[in-house]
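What follows is a short report on a single structure.
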Amino acid sequence: MKLMGKKDNQIVFAAEIDESLANALRRYLNQVPTIAVDEVEISKNDSPLYDETIAHRIGLIPLKADKLVNEKTTVKLRLSSKKEGIVYSGELTGGLKVVYDKIPITSLKKGQELEIVATAKVGKGDKHSKFSPGIMFYRNVADVKIDKDCPQEVINVCPQKILKPENGKIVVEDNYKCDMCEACVEVCEKKGKDSIKLIPTKELVITLESFGQLTIEEIFKKSIEVLKKDLAGVSKKISK
């Protein structure tokens, strides 16, 4: 495994892993439970947006629980605003914290009001995207084969800027960055040459990104745990 980059909410790494397993882990991110607003009671709404639109926007605001939550957990959140301007997610108050406090909900003019009571509960992303803790995507690492007669023009057309001249040849600086867009291949084809070949390898570049409810490590570990549990259940039934 090779770590290629890490941020607060994202990690990128390369690993030799079967695509079917990577896809299973990707799908099982939505089996990791998180908490999100499920019901919204709007007692006053003078804003230009419909009640349904505001409820939908509030439901998609990522929430973070300070304490452990379970499937029976429900938490009340309130929003009361009379100020002129944009109403932001950070104005929600209650037993949960919003991950991003500058998500616009709606706007109010002078004299307008918005009164909301929201109920959050635990759920999973396979039922609704508001419960999804993050996303995962991957691509194959490319083995880039370059012939000696490769035209120099390919250096400038590469979006990733990974091609450079060296001792009269064109070499690849970092094949992990190649996303196989084939811009270099197209240049060669226009000149009637077959100088570059992009061959997918068994190694994958995997990107995992958190929406903020859980850390990247928590999402990855919990998705593996749920997958293992389900595989154990399948194995048990098969062995009977």
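Laboratory data are not the source of any read-out in this text; all were calculated from the coordinates shown. Everything quoted here is computed from the prediction, not taken from an experiment. Note that we place each Cβ from the backbone using ideal geometry, even for glycine, and neighbour counts take in every protein chain shown.
Between the alpha-carbon centers of segment 139-195 and segment 43-111, tell me the distance in whole angstrom.
The distance from the Cα centre of segment 139-195 to that of segment 43-111 comes to 49 Å.
Explain nothing, just the number: relative contact order of the chain, from Cα pairs under 8 Å at least 6 residues apart, as a whole percent. It would help to have the intermediate numbers written out before the result.
Numbers: 490 pairs, mean separation 63.9, N = 240.
Contact order relative to length: 27 percent.
How compact is the chain by the rule of thumb for globular proteins, expressed as Cα Rg over 2.2 N^0.38 Å?
Values: Rg = 24.6 Å, N = 240, 2.2 N^0.38 = 17.7 Å.
Against the compact-globule rule of thumb, the ratio is 1.39.
Give Lys44/Lys109; Lys2/Lys222; Lys64/Lys222; Lys130/Lys229 a once-over and call out the pairs whose C-alpha atoms are over 18 Å from each other. Working shown, then result.
Details: Lys44/Lys109 14 Å; Lys2/Lys222 21 Å; Lys64/Lys222 16 Å; Lys130/Lys229 24 Å.
Check vs 18 Å cut-off fails for Lys2/Lys222; Lys130/Lys229.
Checking the a/c ratio against 1.5 first, then a/b against b/c, what shape does the Cα gyration tensor give for segment 34-127?
Working: a/c = 2.15, a/b = 1.91, b/c = 1.12.
The shape class here is prolate.
Going by C-beta contacts inside 10 Å, put Phe211, Phe13 in order with the fewest on the left. Please report the intermediate quantities before stating the final value.
Working: Phe211 19, Phe13 16.
The fewest-first ordering by Cβ neighbours comes to Phe13, Phe211.
Rounded to the nearest 0.05, what FRET efficiency do Ile17 and Glu153 give with R0 = 35 Å and r taken as the Cβ-Cβ distance? Could you check?
On the way: r = 35 Å, r/R0 = 1.01.
E(calc), rounded to 0.05, equals 0.50.
Under the 0.36 nm per residue contour assumption, what length would be gained going from the current alpha-carbon distance of Ser43 and Met4 to full extension? List each step's numbers first, then the result.
Details: separation 39, 0.36 × 39 = 14.04 nm, distance 4.92 nm.
Using 0.36 nm per residue and subtracting the Cα-Cα distance, I get 9.1 nm.
What list do you get for Val171, Val99 if you sort them by fewest beta carbons within 10 Å?
Working: Val171 12, Val99 16.
With the sparsest Cβ surroundings first, the list reads Val171, Val99.
I need the calculated FRET efficiency for the pair Lys190 and Asp143, taking r as the beta carbon distance and R₀ as 22 Å, to the nearest 0.05. The partial results should precede the final answer.
Details: r = 23 Å, r/R0 = 1.05.
It comes out at approximately 0.40.
Report the label-to-label distance for Lys110 and Lys221 in nanometres (one decimal), using points 7 Å from each Cα along the Cα→Cβ vector.
About 5.4 nm, to one decimal.
Relative contact order for segment 34-127: what is it in percent, counting Cα pairs under 8 Å that are at least 6 residues apart?
Details: 212 pairs, mean separation 41.0, N = 94.
Contact order relative to length: 44 percent.
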